[in-house]
Amino acid sequence: MAEKENGLSHTTPRRYWLTGAGNGIGAAIAEELLKSGAHLAVSARTIAPLKVLAQRYPGQVLVVAGNLTNSQTVREICERIHQEWGSLDTVILNAGTCEYVDSRRFDNSLIEHVVRTNLLACSYCTEAALPLLRAGVQPHLVGIASSVTDLALPRAEAYGASKPGLRCLFESQRIDLAPEGIEVTLVSPCFAGTLLTGNSDHPMPQMWSADKAAHYVVETLRQRPQEVPLLALSMAALWPLSTMSSRGKLVIGKRMVRRSPPSIDTP
């Protein structure tokens, strides 16, 4: 089944690489793309949900699981995609994590883990994927950032430090890649029902289901906007937090409890 994008139909399905496809909004985006007939390379640390996708959509899914914080693993994944497909049309870098900081037991390894997962892994993926995009049709690079890049929130030192860096990475790439015809879109979703938000019991403004968020993102990406317009909505809902007293922020922060230490990454 041919996919339509920007009003143009392709005789062959678009080929996507989606990271963080094992759960949450990533898994929901995978479903949306596969239902449209796309061919999809899927990455996650856990291979089981990816195999389920491959069984449900035979012939459409290429399973390329691995730890994306390891640059060698990323290169091997893109080499596998190159061997199977030769090129990519769209890359959606969605993999990420969120860990909440306890300032009483400040742990620098937690900061390193989150920055490596949310920011450095995206740079590894971009480096490895760009040659595949250059060989693709109407190439499109998509980064999933966050609506929380301009407002400090309690216990969000690690997550809040990584996401603005990701925004700068993709916005600079939009300028640098434009002469090559590679378009770049930054997605800044509002809070969606995922495993990350599920680990926090503090109120989440404008909570969307992962399915609803994924449908909106996929449909909007077809128009190739510079940014999927969810930032302003989320910031409007979050802004009252910035005007709270320090005591109020601490009350919220105490409820954002880190449940387990991060896994050890290899550079």
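Tabulated results
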| read-out | value |
| --- | --- |
| Out of Ser87, Ser103, sole residue that is surrounded by fewer than 17 Cβ atoms within 10 Å (Cβ to Cβ), over 21 Å from Leu169 (Cβ atoms) and modelled with pLDDT of 75 or more | Ser87 |
| Where Gly136 falls short, out of the listed (1) more than 18 Å from the chain's Cα centre (by Cα); (2) crowded, with 19+ Cβ neighbours inside 10 Å; (3) at pLDDT below 90 | (3) |
| Counted residues, segment 58-84 - those being touching a His at 6+ places or on another chain (Cβ under 9 Å) and surrounded by 16 or more Cβ atoms within 10 Å (Cβ to Cβ) | 4 |
| Selection count where residues are over 17 Å from Glu76 (Cα atoms) and surrounded by 24 or more Cβ atoms within 10 Å (Cβ to Cβ), scope segment 115-128 | 2 |
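The values are calculated or read from the model by the stated rules, or taken from the named source; none is laboratory data. Model, not experiment: these values are computed from the prediction. Cβ: placed from backbone, ideal geometry, glycine included. Neighbour counts: every protein chain shown.
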